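Q: What follows is a structure written as structure tokens; I'll ask about it next.
The values are calculated or read from the model by the stated rules, or taken from the named source; none is laboratory data. Please read all numbers here as calculations on a predicted model, not as lab measurements. Backbone-built Cβ (ideal geometry, glycine too); neighbour counts: all protein chains shown. Heavy atoms of the whole protein, side chains included, go into the accessibility calculation; ligands, DNA and RNA do not. Shrake-Rupley method; radii C 1.70, N 1.55, O 1.52, S 1.80 Å.
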Amino acid sequence: MASRAGTSTAVVSYVLNNGPRPVSELLRAKVVRAIDELNYRPDARGRALRRSRRWRQIGLLVPDLTLPLFGQFVGRIEVEARARDHLTLIGNTGYDPERELEFATAFAEVGVDGLLVVGAANAPQTANLCQQERIPVVWMHNIRGDVEADIVRVDHAHAGELLTRHLFDVHDCRDVAFVGGFTEGDVRHGDRETVQQRFEGVASVVGRGLSHIRTDLTPAGAYAAVSALLSGSTPAPRALVVGTYGQTAATVRAIIDAGLRVPEDIRVVGFDGAAVDYGQLRLTTAQQPVDVLARLALGRLLGDPLVGGDLLPTLRLGETCGCA
């Protein structure tokens, strides 16, 4: 490029880096023309390696920022990362495998120092990309596809069991149905792996008598499926375990619109949600320790000592199960 512009490599460097020494307008114009003719693009990762900086960067991929749980994860990870002098680049994948790989590729080109993936939809290809680019990667919550790595998460099956044991032992409620689909036919883009694990936890308590209300994991899908069940000729179940927090409000709405009451006619329990809510009825949920999960995942990404095993959820009591 220097020979094309008829100048020295030092002058080319000064133009590309806007210093440290001044360059005349004539020489600058020659260098810019050479850049255009050669279609030159600076290597962002090379620049990052040469530049002294306080802040480093991590990439964070999440499946749906509109869902409260993932928004909480992003908030805590960003705070933890900033406290350790890392800025966070965020990509919203929509559980789309191609979009996930597209974001991972873009973050690699930017030169991130590590990648944290929440709810991966394309784990094998994303893992291969990170291996090729020598980028550390940590998986969080759940993954789709097989990779040889631990996942920072709670025990979702235990969460389903925890809620169902509460219905059995405290409320003597054994007529339970599960709301949420987890097959590829049920759900195209959604957290179906987590929902299946929660279903298995519920089934471990209820047994073969567990009714399953399949949905696509959207609020509209939950409302339609629960409404159809309650408008049929079969008796309504005594309790519903809703597989995702995003479906709970729609489930409660469907019960009320069917002329029934929560919890007097049907008890409702679910997962996650904000620690404090101001809805008409406070939901009984199995809660994930968001702060601990975020801290462990970021720590693992930045080289802290490994902590093995899934974490356990906790039961947060509300009015929807019949607890005051």
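Q: Within the stretch 186-324, what whole-number % of the accessible surface is contributed by carbon and sulfur, with the 1.4 Å probe and all protein chains included in the calculation?
A: In the stretch 186-324, the share of accessible area belonging to carbon and sulfur is 54 percent.
Q: If you don't mind, another one. If Lys and Arg each add +1 and Asp and Glu each add -1, what is the summed charge of the other residues whose beta carbon sits under 10 Å from the beta carbon of D186?
A: Overall, the nearby charge balance is +1.
Q: Tabulate in residue order the Karplus-calculated ³J(HN,Hα) for the stretch 93-109, using 6.51 cos²θ - 1.76 cosθ + 1.60 with θ = phi - 60°, rounded to whole Hz; enter x for Gly and Pro.
A: Rounded to whole hertz, the list is 7, x, 6, 9, x, 5, 5, 4, 5, 4, 5, 4, 5, 5, 5, 5, 5.
Q: Can I ask one more? If the elastic network links every pair of Cα atoms under 10 Å, which of Q72, Q131, Q57 fluctuates the most in the Gaussian network model of the chain?
A: Q131
Q: PRE reach from D175 (point 7 Å along Cα→Cβ): which of the stretch 229-246 fall under 12 Å by backbone N?
A: So the set is 234-240.
Q: Rounded, prolate or oblate: which fits the stretch 115-165, taking a ≥ b ≥ c as square roots of the Cα gyration tensor eigenvalues, rounded meaning a/c under 1.5, else prolate when a/b beats b/c?
A: Cα axes put the stretch 115-165 in the prolate bin.
Q: Quick check: net charge around T284, other residues with Cβ under 10 Å of its Cβ, Lys/Arg +1 and Asp/Glu -1?
A: Local charge sum for T284: +2.
Q: Of V202, V307, V32, which is the most mobile in a GNM of the chain whose springs link Cα atoms less than 10 angstrom apart?
A: Of the options given, V32 has the highest mean-square fluctuation.
Q: Under a GNM of the chain (C-alpha, springs under 10 Å), which listed residue has the highest mean-square fluctuation: P63, P237, P22?
A: Between P63, P237, P22, it is P22 that shows the largest mean-square fluctuation.
Q: With Kirkwood radius over Cα pairs in Å in mind, check (1) 22.3; (2) 23.9; (3) 20.2 and report the label derived from this structure.
A: Structure-derived value, by its label: (1).
Q: Shifting gears a bit: What's the extension gain from I256 to R33 if we count 0.36 nm per residue and subtract their Cα-Cα distance?
A: 73.3 nm
Q: When ligands, DNA and RNA are left out and all protein chains stay put, how many square angstrom of accessible area per residue does the chain have with a 1.4 Å probe?
A: That works out to 50 Å² for each residue.
Q: For F199, tell me the accessible area in Å² from a 1.4 Å probe, rounded to the nearest 10.
A: 40
Q: How high is the relative contact order of the stretch 172-324? Use alpha-carbon pairs under 8 Å, at least six apart in sequence, and give a whole percent.
A: Rounded, it is 21 percent for the stretch 172-324.
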